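Enquirer: Mind having a look at this structure? Questions to follow.
Please treat every number below as a calculation from the coordinates, not as lab data. Predicted model, so just to flag it, every value in this text is computed and none were measured. Glycine also receives a Cβ, built like all others from the backbone with ideal geometry; neighbour counts cover every protein chain displayed.
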Amino acid sequence: MPNAKRVSRRDFNKLAASTAAVGPFFLLSGRARAAQKTLKIAKWSHFVPQFDPWFDNLAREWGQQHDTQVTVENIPVEKIAAAATAEVKAGKGHDVFIFPWPPAQFYQHAVDHTEIYQHVAGKYGAIPQIAYRSTYNFKNKKHFAFADFWAPSPLHFRQDYWAKIGMPLGPGHYGSLYSGGKHLRDEFHIPCGLAFTPTLEGNITLHTMLYAFRAWILTGNDEVVFNKNVFAGVALKYLLQLYREAGTPDQLGWSPGGSVSAMVAGKTSCAINAISLLRAAEAQDPQTAGNIWLQQPLLGRSGMGITALPHVTNCAVVWSFGQNQDEAKQFVADLIDSSRAGYASSLGFNFPTYPKTVPDLIVRLSKDPQANPHDKYVVLKDALHWTPNLGVPGFATPAFMEVFNGFLIPKMVQRVLKGESSPEDAAAAAATEIQRIADKWQQIT
Amino acid sequence: MKIIREQTSPVVVGMAMMGLAFLTAPNLAAAQTATPTPSSVTGVAAFNPPPCDYNDTFYMDNGLTPTDVVGRFGTSRLTGPPATGKQVNWVADSTCSQRDPDRRNFRILAITGGFPDDETGSPTEFITILGFVTNQTAFETTYSRNVGAINGGLDGDQQNPGETISIVNSANPRSISMQNLVSNFEAYPAPRQRLANGKIALNPCQADMVSPLAPAQPCFDLSTVNAVFTPNLRQDWRFATNRNAIDGSDNNCISNDPTVCTPPGGSGTAPPQSDSPFGYFCDDLLGMWINSYFWYTVDPANPGKVCGPILKQLGQQNGLTADGTPIVTTGDQLDNQLEANGCAAEGQLAFDGSDGGAIWLVCPAIPDPRAGAISADAFLDQVHNNNGTPQNIGLTLNFLSLQRFGVFFTQLTAAQQSQINTAEAAVN
C-alpha cells in the first residue's frame with residue numbers, strides 16, 4: 001500500500017477526467033464564475049497521520065483544476081463539535097465542514113445533499129444503507145450531509161497475552177472478555193483496555209457495548225427506549241464487573257487516543273478501536289504490532305450477534321450559510337472519485353461508503369504490505385455486515401447525535417464505575433436526560 | 001436466498017402422491033438396521049443422502065483438530081443420549097464415503113430436531129450433533145496439506161503442483177479463523193433448571209455467566225457436555241439460520257454489480273471474491289455453532305408482576321417445559337419478551353474451557369431433509385415431557401413424514417397425514 005503523501009498524477013488525472021466526463025452538474029452562479037473563487041474546508045484531523053497531507057494536496061489540486069483558491073483547516077476531533085457550533089452560531093465560517101460522525105444536530109444549517117447523492121449514483125450506484133441512515137433526516141426528508149467513507153471498529157487484542165491464558169484466538173464474546181480479562185489482570189497484571197472516557201473512542205466503545213447488550217437508546221421512530229427494559233441495567237452491571245475485576249482506573253482518565261497509546265505501549269490487553277491503533281503500532285513498534293491481532297466484534301447478547309458501531313462516519317456538510325455553495329457541492333461530489341486513493345492514503349482506515357470505488361477491497365485487505373502477517377486485516381472483510389450506523393436501530397437523528405456528542409453514555413458509565421451512582425440510578429438519570437433531548441427535538445420541525 | 005423449508009415443488013408432491021400406492025406399513029422394528037436405505041422413501045426420488053460424520057482430513061482442512069472433538073459420533077457415544085433403549089446413535093456404513101469423499105463411514109441415526117431462527121417457530125430444523133468442542137485450542141493454529149499434485153504421467157510429463165490447504169496463525173486460506181467464522185452461528189440450548197431436589201435454579205453455576213437478574217444459588221451446571229444432551233434440556237433447540245443460499249443462486253455476492261463482486265468462477269471484472277457475510281452452508285462447512293445458553297431468571301411458580309403475564313401468555317401459546325417454564329420458539333420471544341423484561345438471560349461458556357461444557361457444537365444442519373435425507377433407520381432426538389410424550393408433536397410429525405414420504409407433514413395428502421398420525425401414536 002503506497003504511503004501517499006501527495007495525490008499521485010494518476011489519481012489526479014483520474015479525478016480530473018471523471019469530473020470532466022460527467023461535467024459540472026451544479027450550475028455555477030454568475031457570481032461564482034466572475035472571479036477567482038474560494039473554498040474553505042474544515043475537517044477533522046485524521047487518526048492516520050499520512051492522510052491529512054494527502055487530502056490537503058487533493059484539495060489544492062482540485063482548486064487549481066477549478067480555478068478556486070482552496071484552504072483546508074484540520075481540527076482535532078475533540079474540537080470539531082465546538083468549532084461547528086461556533087460557525088453555526090456566527091452564520092459564517094467554512095464552506096465545507098467534514099465531521100467524523102453524522103452531524104444530524106446541524107441539519108437546519110445544511111443544504112440538502114440529496115442532489116450530491118443523486119449525482120454520485122450515476123457513477124457508483126444507489127446510496128448505501130450506512131450513508132443513507134447516517135445522513136438522512138426523515139422529518140424534512142433531506143440529506144444533511146454526504147458520507148463518503150466510514151471506519152470499522154474491530155476488537156484489537158494482544159495475542160501473546162491472551163495466549164498465556166488459553167485464549168490465543170481472542171475472547172470472542174463478552175463473557176470471555178470478562179473471564180479472560182480478569183485472568184490476565186489477576187495473573188499477569190495486564191488490564192483490559194477498553195476506553196470508558198468521554199472521547200470518541202470511549203463513546204464508540206460504550207455505545208457499541210450497550211447496543212451489543214440490546215440496550216438501545218432510541219427506537220427507529222426516535223422514541224426513547226433506553227432503560228425501558230432491563231438491558232441498560234444489565235449492561236451497566238457487566239461494565240462495572242468488567243472494570244472492577246479486569247480493568248484499570250486509567251480507563252476513566254485517558255485523553256483522546258489514550259487507549260491507543262496504552263495498548264501500543266503494551267500496558268493493556270485489548271481495545272475497541274479503528275485500525276489506526278494497529279497502524280500506530282506498526283509505525284512505532286513493529287514487534288508489538290505483530291502481537292496485536294484483530295478480531296471481529298465480540299458476540300453480543302439477546303440476539304444482537306456480532307456488531308460494532310463505526311469508529312468514524314465521515315460526513316461532509318455544505319453549510320446553508322456558506323458563501324460558495326456551488327463549489328462546495330462540486331468538491332464534495334468529486335471527493336468520491338478519490339475514495340480509492342483515500343483508502344490507500346489512510347492505510348486502509350477509510351472504508352468506502354460506495355464499494356464500487358474500491359472494488360478490490362478484500363484483495364487489499366488480504367495483502368496488506370505493512371501488516372504482519374500480510375493478511376491480518378482480512379478479518380475486516382465482513383465489516384459492513386457487522387457495522388450499523390450511529391443511531392441504530394433508527395437513523396442518526398438530531399436527538400441521538402446530541403446524546404452522542406454530549407457524551408451522555410460515557411458520563412453515565414463513569415458515574416457507575418466511580419461508585420457515584422448505582423447502575424439503576426445512573427440508567428434512570430440518563431434516560432431522563434435522553435427523554436429531555438428527544439422531547440426538545442420533537443418540538444423542532 | 002432460496003428457502004427450502006416447507007416449499008415443495010409440485011413435482012415432488014406429485015411423486016409423493018404417486019408413491020402412495022406403494023406405501024408399506026412402517027417397519028419400526030427396522031429402525032436399528034445398519035444397512036443404508038436411502039431409497040426407502042416411498043415414492044420420492046431419494047436423491048438427498050443421509051448424514052454421516054466427516055472424515056479426519058475434512059475436519060483438519062477446516063481448522064478443527066478431530067481428536068479434540070468431544071463425544072464424536074463414530075468414535076464414541078454409540079449408545080446413550082440421545083439414543084435410548086436398543087437404539088444406537090450411529091452405524092457403520094461403507095456408502096458414506098462413496099457418496100461424499102469428505103465423509104467417513106459412520107452414518108448418523110440420531111437426528112436432532114429444532115426450530116429455525118426465522119421467527120416462524122416452525123418445527124422444521126433437523127441436525128446431527130456429531131460432537132462438541134470444549135476449548136478454543138481445538139481450533140488449529142497451523143496446518144498444511146497439498147491436494148491435487150501430479151508428478152508423473154505416462155511419459156513423466158504430467159506435472160501439477162496442486163493446491164495447498166493451509167492454516168496459518170489460526171486462519172484458513174481465506175485468512176479467516178474458524179472461531180470467528182463459527183461465532184456467526186448461534187445455537188440456543190435450554191438447560192433444565194429444575195434440580196433434583198425440585199427447586200428451580202435461576203443461574204448457571206459458571207461464575208462468568210451469572211446474570212445479575214437472579215440469585216447465583218442454587219445453580220444448574222453446564223460444566224460437561226452432558227448439559228446439552230436432550231434429557232438435560234427443557235426444550236428443543238433453536239438455530240440461528242442466517243444462511244446463504246445452498247444452491248448458489250445468490251453466488252455468495254451481496255452486490256449485483258460484477259465490478260464489485262465476482263463469485264468464484266463468475267465472469268465479473270472484480271477480483272474473485274465474496275462480499276457477503278459468512279454463510280452457514282458456504283463458509284461453515286463443518287456445520288458448527290456456538291452455544292448461546294438461555295435460561296429463566298424467575299421462578300415460574302412465582303414470576304412476579306412483570307414476568308407473570310409474559311410467562312402465562314407464552315405458556316398458553318407454546319406450552320410448558322417439564323420445568324414449568326414456557327417453551328420459547330423464536331428470537332422475539334426470548335429477546336423482546338423475556339430478556340427485555342428481566343425474565344430470562346443468556347450467555348456463552350468461556351473460550352478457554354475454564355467453564356467446562358460444550359462451547360461449540362459440530363452439528364451440521366441437514367441442508368434439505370426431504371427426499372431421502374432421513375433414512376428409515378434414523379430416529380428423532382427431541383425433548384420429551386415427563387410422561388414420555390414428545391414436547392413438540394410438530395417435530396415428530398415432520399420427522400416421520402420426511403422419513404416415510406420424503407416431504408414435510410403439511411405437504412402430505414390427508415390420507416398420508418392420517419398414516420403419520422397413526423405412526424406417531426404408535427411410536428409415542
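Enquirer: Taking Rh as the Kirkwood radius, which is the inverse of the mean 1/r over Cα pairs, what is the Rg/Rh value for the protein assembly as shown? Before the final figure, lay out the partial values.
Expert: Numbers: Rg = 29.0 Å, Rh = 29.2 Å.
So for the protein assembly as shown, dividing Rg by the Kirkwood Rh gives 0.99.
Enquirer: May I pose another question? Over all directions, how big on average is the projection of the convex hull of the alpha-carbon atoms in the range A:323-445, in square nanometres?
Expert: Working: hull surface 48.6 nm².
Computed as one quarter of the Cα hull surface, the answer is 12.2 nm².
Enquirer: Still on this structure, please answer the following. In Å, what Rg and Dmax follow from the Cα atoms of the range A:260-399?
Expert: 17.4, 50
Enquirer: Please list, ordered by chain and number, the residues whose modelled amide H lies under 5 Å from the amide H of residue A:315; skip anything fewer than 5 residues away on the same chain.
Expert: A:99, A:101
Enquirer: May I ask you to evaluate 6.51 cos²θ - 1.76 cosθ + 1.60, the Karplus curve with θ = phi - 60°, for each residue of the range B:314-328 and list the ³J(HN,Hα) values in order in whole Hz, giving x for glycine and proline?
Expert: 5, x, 5, 6, 10, x, 10, 7, 5, 6, x, 9, x, 6, 10
Enquirer: Evaluate the Kirkwood expression for the hydrodynamic radius of the range B:162-236, namely the inverse of the mean inverse distance over all pairs of different C-alpha atoms, and round to one decimal in Å.
Expert: 15.2
Enquirer: Could you tell me the distance between the Cα centroids of the range A:206-238 and the range A:78-142, to the nearest Å?
Expert: Distance between centres, Cα-based: 26 Å.
Enquirer: Do you know the relative contact order of the range A:127-207, to the nearest whole percent, from alpha carbon pairs under 8 angstrom that are 6+ apart?
Expert: Relative contact order here is 13 percent.
Enquirer: Sticking with this one: Can you tell me what percent of all Cα-Cα pairs in the range A:189-304 are more than 25 Å apart?
Expert: Working: 1782 of 6670 pairs.
So the pairs more than 25 Å apart make up 27 percent of the total in the range A:189-304.
Enquirer: Contact order normalised by length for the range A:335-445, with contacts defined as Cα pairs under 8 Å and 6 or more residues apart; what percent is it?
Expert: Value for the range A:335-445: 14 percent.
Enquirer: While we're here: Check which residues have an amide H placed less than 5 Å from residue A:73's amide H, if you skip close sequence neighbours.
Expert: When sequence neighbours closer than 5 places are left aside, the close amide H contacts are A:41, A:42, A:43.
Enquirer: Considering only DSSP beta bridges whose two residues both sit in chain A, what percent are antiparallel, to the nearest 5?
Expert: Once the DSSP bridges in chain A are tallied, antiparallel ones form about 65 percent.
Enquirer: Here is a further query. What ranking do B:65, B:128 get, fewest neighbouring Cβ atoms within 10 angstrom at the top? If you can, show how the numbers build up before the last one.
Expert: Details: B:65 16, B:128 27.
Fewest to most other Cβ atoms nearby, the residues stand as B:65, B:128.
Enquirer: Over chain A, what is the relative contact order in whole percent, taking alpha-carbon pairs under 8 Å and six or more residues apart?
Expert: Reported relative contact order: 25 percent.
Enquirer: Here is a further query. Would you mind checking which residues have amide H under 5 Å from residue B:288's amide H? H placed 1.01 Å from N; only 5 or more apart, or other chain.
Expert: Long-range HN contacts for residue B:288: B:363.
Enquirer: Something else now. Looking only at the protein assembly as shown, where both bridge partners belong to it, what percent of the DSSP beta bridges are antiparallel (to the nearest 5)? Before the final figure, lay out each step's value.
Expert: Values: 61 of 85 bridges.
Percent antiparallel among DSSP bridges in the protein assembly as shown is about 70.
Enquirer: Further question: Taking square-rooted eigenvalues a ≥ b ≥ c of the alpha carbon gyration tensor, is the range B:87-146 rounded, prolate or oblate, where a/c under 1.5 means rounded and, failing that, a/b exceeding b/c means prolate?
Expert: oblate
Enquirer: Follow-up question, since we're still on this one. Would you mind computing the Rg to Rh ratio of the range B:49-187 from its alpha-carbon coordinates, Kirkwood style for Rh?
Expert: Rg/Rh for the range B:49-187 comes to 1.06.
Enquirer: Across all directions of projection, what mean area in square nanometres is found for the Cα convex hull of chain A?
Expert: Working: hull surface 78.8 nm².
Convex hull of Cα atoms, orientation-averaged projection: 19.7 nm².
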